Amino acid sequence: MTKKPKDGVQWQPDPVGYVALSERGLKMVNRILAKCDLVNRGYTDTDGNPSPCWEWLGGNSGNGDGAGRGYGRIKIDSQVSATHRVMFSCFHGYLPPKRDVDHKCHNRICCNPDHLESVTRLQNMNNQKRHK
Ligand SMILES: [Zn+2]
């Protein structure tokens, strides 16, 4: 299980199933984690253990009605990216631009890599319909 680092302690992600974090990746992950709160939203891992959401406290894409609302945003090298996409690619590897990252916990602000999965746009749209 992944854990949030304590203040001042460099985080060592669970190596099992994760790609090795590059120096840049680790920097980004730590930047995101520094602004996340661990909140238990009832999501459980595959063993049925509670798995808290890592809720991004920084800026997000707003509260409008659009499909892209409510996702965390972070500026990296003057480019604005979605926090969950950054987290996903740091932990699970390269994410092709055409693939979406779906929240298995249905919490858009969540950055916990264990709660994210890569899906095609079509799968994601079908998932959203199912959970409306
Ligand atoms: Zn979550």
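Readers should treat all values here as calculations from the given coordinates under stated rules, not as data from a laboratory. Source: prediction; values computed, not measured. Backbone-built Cβ (ideal geometry, glycine too); neighbour counts: all protein chains shown.
One equal scatterer on each Cα of region 45-123, no solvent, Debye formula: the resulting log10 I(q)/I(0) at q = 0.15, 0.26 Å⁻¹ is -0.52, -1.42.
Given in Å, the Rg to one decimal and the Dmax to the nearest whole number for the Cα atoms of region 27-80 are 13.6, 40. Annotation for Asn40 and Gln123: the two label points, set 7 Å from Cα along the Cα-Cβ direction, are 3.0 nm apart. Couplings for region 81-89, taken from phi via the Karplus curve 6.51 cos²θ - 1.76 cosθ + 1.60 with θ = phi - 60°, read 10, 7, 4, 5, 6, 4, 4, 4, 5 Hz in order; Gly and Pro are left as x.
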